[in-house]
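Visitor: My questions will all concern the structure given below.
No value in this document is a laboratory result; all are computed from the given coordinates. Because the structure is predicted, anything quoted here is derived from the model rather than measured.
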Amino acid sequence: MSNEAPPSYETQSLRDFAEVIRGRRTINLYLQTPVPRELVREAIEAATWAPNHHVTEPWHFYLLGSETIERCLDLCYEIVTAKKAPDAGKFKREQWSEKPGWLVVTCRRSDDDLLQREDYAACAAALQNLMLYLWKAGIGSKWTTGDITRDSRFFDIVGIDESEEVVVGMLWYGYPKITPAQKRKGLDEVLSELP
């Protein structure tokens, strides 16, 4: 029998990691400084290490370039104008045009309801991995699932086969202009410890 003490969980690297998790915020306003593409590729690679049942790796990532973004902005304008008014569509298009980086994350569709839920959860975990990696690199993000991500015209623009994939989210990313404050419920409010 070993007399060695168990490893300590009170390490600086663990506290630093917790700060990355606690510090990450949804960012709405970005500087217009381009994010290096290789950094985004590294974040996507890190994202793919998310847990996924039976190693299905159900995700796919679409990194949008300027032409595709422009088409998405036009669609945003059309959707908001049809739902509200041209002024609202113009405002939303201008607001979205200030998002420097665009990434779409999809999940493979399944006829098996349980597998679909497990795969979607895995894709959500992958998106969290990606956002944390970017945050550690000083890049903020916003995960959105608005009307555009359910519009068949969006699928056509991005080149997604709607019969094969569902959009988990569109991720905007860039260097934060403003980082908002945030708080969470205390542990006692969200944890039940059972005997």
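Visitor: Looking at region 1-68, what % of the alpha carbon pairs are farther apart than 21 Å?
Guide: More than 21 Å apart: 57 percent of the Cα pairs in region 1-68.
Visitor: By Kyte-Doolittle mean hydropathy of at least -1.0 and Cα axial length of at least 20 Å, which whole DSSP H helices of the chain are selected?
Guide: 66-83, 113-136
Visitor: How large is ³J(HN,Hα), in whole Hz, for each residue of region 177-184 in order, when computed from phi with the Karplus curve 6.51 cos²θ - 1.76 cosθ + 1.60 and θ = phi - 60°, using x for Gly and Pro?
Guide: Per residue, the Karplus-derived 3J(HN,Hα) values read 8, 9, 10, x, 6, 7, 9, 10 Hz.
Visitor: If the chain between Arg153 and Asp111 were fully stretched, how many nm would it gain, using 0.36 nm times the residue separation less the Cα-Cα distance? Walk me through the numbers on the way to the answer.
Guide: Numbers: separation 42, 0.36 × 42 = 15.12 nm, distance 2.33 nm.
Separation in residues times 0.36 nm, less the Cα-Cα distance, equals 12.8 nm.
Visitor: A further question follows. Would you calculate the volume per residue, in Å³, of the smallest convex hull containing every Cα atom of region 35-176?
Guide: Values: hull volume 14.3 nm³, N = 142.
Per residue, the Cα convex hull of region 35-176 comes to 101 Å³.
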